[in-house]
Amino acid sequence: MTADAPRPVVRVSDLHKSFGEREVLRGIDLEVQAGEVVCVIGPSGSGKSTLLRCVNLLEQPTSGRIELLGAEVTDPDVDIDRVRTHVGMVFQQFNLFSHKSVLENCTMAQRTVLRRSRAEADRVALANLERVGLADRAHAMPAQLSGGQQQRVAIARALSMDPQLMLFDEPTSALDPELVGDVLGVMRDLADAGMTMLVVTHEMAFAREVGDRVVFMDDGTVVETGPADEVIGAPREERTRTFLQRVLDPTHQSPTG
């Protein structure tokens, strides 16, 4: 990287993570530039979600270095809570507070972490609920919403913190198939608006259409990375080809999928 090149929003260097004797991440290197959408794909158990959780220090790396927004979060002295205020994360499960309304779910962190007034937090939350197509459900309770609507609320909640980076961990995997499209549509809109995104996904069409780059992981390593069209359309590595053939061609699926 040259002296005047922009600093990556995410830089992961030689990342290792073990759970007891099991090494889940084995020397991951990854960068995400500002405004870039990077999609991480790979088989179940390949370490994708662990990578994402390490990026935000929800899991403590065994070794390696992670920089977020110019701060080394693997430095023991880092103020991780301050860094996290600039990072939104959306999980497989929606993690909404069931006893709070949609609007309250989107304003709690704003008021406690960012110290916004109720009026300002409401204004920001309603704008983001409008953005995900749910402004009319602001006073509903989570149980009154479909899974897809709850996930869109989770996205609005994350956006209400004005993040510079969004992390998505299989955001559609818990949804019924007919609800997936609405969530992916919101994510497409975010990408079009220039949001920096690191997305763990099994939605290959989304990764190919929206991703600037695709990272294929297997067995705790990065097997292949490159432009989305190349990795998904014309992968170089045999392991990538085998995985995509099974995912994209139903005739190659195992009976359990």
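The values are calculated or read from the model by the stated rules, or taken from the named source; none is laboratory data. The model shown is predicted, which means the values in this text are computed figures rather than measured ones. Note: ideal-geometry Cβ built from the backbone for every residue, glycine included; neighbour counts use all protein chains shown. To get the accessible areas, we keep the full protein, side chains included, count just its heavy atoms, and leave off ligands, DNA and RNA. Shrake-Rupley method; radii C 1.70, N 1.55, O 1.52, S 1.80 Å.
Brief remarks on what is shown
- MRE, 222 nm, helices only [DSSP H, n ≥ 4, -39500 (n - 2.57), over the chain, to nearest 500]: -10500 deg cm²/dmol
- Residue list for the stretch 84-123, given a label point 7 angstrom along the Cα-to-Cβ vector of Gln164 and an amide N cut-off under 18 Å: 84-89, 114
- Whole-percent carbon and sulfur share, accessible surface of the chain, 1.4 Å: 46 percent
- The angle between the Cα long axis of helix 238-248 and the main principal axis of the chain comes to about 50°, on a 0 to 90 degree scale.
- Total charge dipole magnitude, the chain, about the Cα centre, Cβ charges on Lys, Arg, Asp, Glu only, Debye to nearest 20: 720 debye
- Computed over the stretch 45-137, relative contact order equals 13 percent, with contacts defined as Cα pairs under 8 Å that lie 6+ residues apart.
- Between Arg7 and Asp192, the FRET efficiency from the beta-carbon distance, with R0 = 25 Å, is close to 0.55.
- Nearest 10 degrees, 0 to 90: helix 102-113 Cα axis against the chain principal axis: 80 degrees
- Dipole check for the stretch 158-210: with +1 at the C-beta of Lys and Arg, -1 at the C-beta of Asp and Glu, and the Cα centre as origin, the magnitude is about 180 Debye.
- Surface accessible to a 1.4 Å probe, His202 within the full protein complex, Å²: 80 Å²
- Qualifying chymotrypsin sites (Phe, Trp or Tyr not before Pro) for the stretch 73-139 [loop in DSSP, other Cβ within 10 Å: at most 16]: Phe97
- Options Thr62, Ala191, Ala127, ranked by Cα towards positive dipole end of the chain, top entry (Cβ charges): Ala127
- For the stretch 4-77, the relative contact order is 38 percent, taking Cα pairs closer than 8 Å that sit 6 or more residues apart in sequence and dividing their mean separation by the residue count.
- Unit charges on C-beta of K, R, D, E only; dipole of the stretch 1-96, Debye: 340 debye
- His86-Ser18 pseudo-label distance in nm [points 7 Å out on the Cα-to-Cβ vector]: 3.3 nm
- Per residue Cα convex hull volume in Å³ - calculated over the chain: 150 Å³
- Spatial offset of the stretch 7-84 relative to the stretch 199-254 amounts to 20 Å, using the alpha carbon center of each.
- Candidates per trypsin sites (Lys or Arg not before Pro) in the stretch 105-136, loop by DSSP, up to 11 other Cβ within 10 Å: Arg115
- Relative contact order [Cα under 8 Å, 6+ residues apart], the chain, whole percent: 25 percent
- Probe 1.4 Å, accessible area per residue of the stretch 129-257, Å²: 45 Å²
- Extreme residue, positive dipole direction of the chain, given options Gly211, Thr50, Thr221 (C-beta unit charges): Thr50
- Kirkwood-Stokes translational diffusion coefficient of the stretch 13-71, alpha-carbon pairs, 20 °C, 1.002 mPa s, µm²/s: 177 µm²/s
- Linear extension gain, Glu130 paired with Arg241, 0.36 nm per residue minus alpha-carbon span: 35.9 nm
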